[in-house]
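The values are calculated or read from the model by the stated rules, or taken from the named source; none is laboratory data. Everything quoted here is computed from the prediction, not taken from an experiment. Glycine gets a Cβ as well: all are built from the backbone with ideal geometry, and neighbour counts include every protein chain shown.
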Amino acid sequence: MKNLPLLPNEKVIEKVKFAKRIFLIDIILLIAILSLSQQFQQYSLLSFLLIFLFFPLLIKTLFDFYRINFHYVYITNERLIYQKGLIYKRIRIINLSNITEILIRTHLLDFNKLLTTYKIIVVNNKPIILKNILNGDRVGRKVKSIVGIVGIKIE
């Protein structure tokens, strides 16, 4: 763990990894939008709409890159540790006993549940949303077994 001391009896069980596949899909979409807008005439309405679509997708791509490379999530036997950022580290530590429920959302075409989004609801706190987790089914089973939640709801 990056500069974060653990409790005496605490072990890191899982380091959650974010999927890089989403970032690559965003890059391919950006390249496709640029090539399509270049094929149309310079001042056409369709070219304008494609360039108008380009900028929000570029911002989403930058946020995905930041999350993949600079957010760290660790699951220990006592806590869930979510560290955001590289320079200004914002650390959120949650005891596993405070987690009330875990909601899962998967993509329609993700039959193996490799890319999942988790919404972890905590007592008296803002929920944590973990988007596009790699091997999300395995991570969900481990958290479920550690926390002791009977079922995980699918949103």
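Worth a mention:
- Each residue in segment 10-44 was checked for being more than 24 Å from G140 (Cα to Cα) and of a type in the set (F, W, Y), and 2 of them qualify.
- Checked against the criterion of being touching a Leu at 6+ places or on another chain (Cβ under 7 Å), of a type outside the set (G, A, S) and under 20 Å from I13 (Cα atoms), segment 92-105 contains one or more residues that satisfy it.
Quick grid of which residues meet (1) over 16 Å from V16 (Cα atoms); (2) modelled with pLDDT under 75; (3) loosely packed, with under 12 Cβ neighbours inside 10 Å:
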position	(1), (2), (3)
I99	yes, no, no
D110	yes, yes, no
L114	no, yes, no
I121	yes, no, no
N132	no, no, no
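- Tally of residues being over 21 Å from L86 (Cβ atoms) and touching a residue at least 60 places away in the same chain (Cβ under 8 Å) across segment 9-63: 6
- Scanning segment 36-58 for residues that are more than 27 Å from the chain's Cα centre (by Cα), aromatic (F, W, Y) and surrounded by 11 or more Cβ atoms within 10 Å (Cβ to Cβ) returns F40, F48.
- Here Y74 fits the description: over 22 Å from H107 (Cβ atoms), aromatic (F, W, Y) and modelled with pLDDT of 85 or more.
- In segment 71-91, of all residues being among the hydrophobic types (A, V, I, L, M, F, W, C) and either within 24 Å of K11 (Cβ to Cβ) or touching a Lys or Arg at 6+ places or on another chain (Cβ under 6 Å) (or both), the one that is surrounded by the most Cβ atoms within 10 Å (Cβ to Cβ) corresponds to L80.
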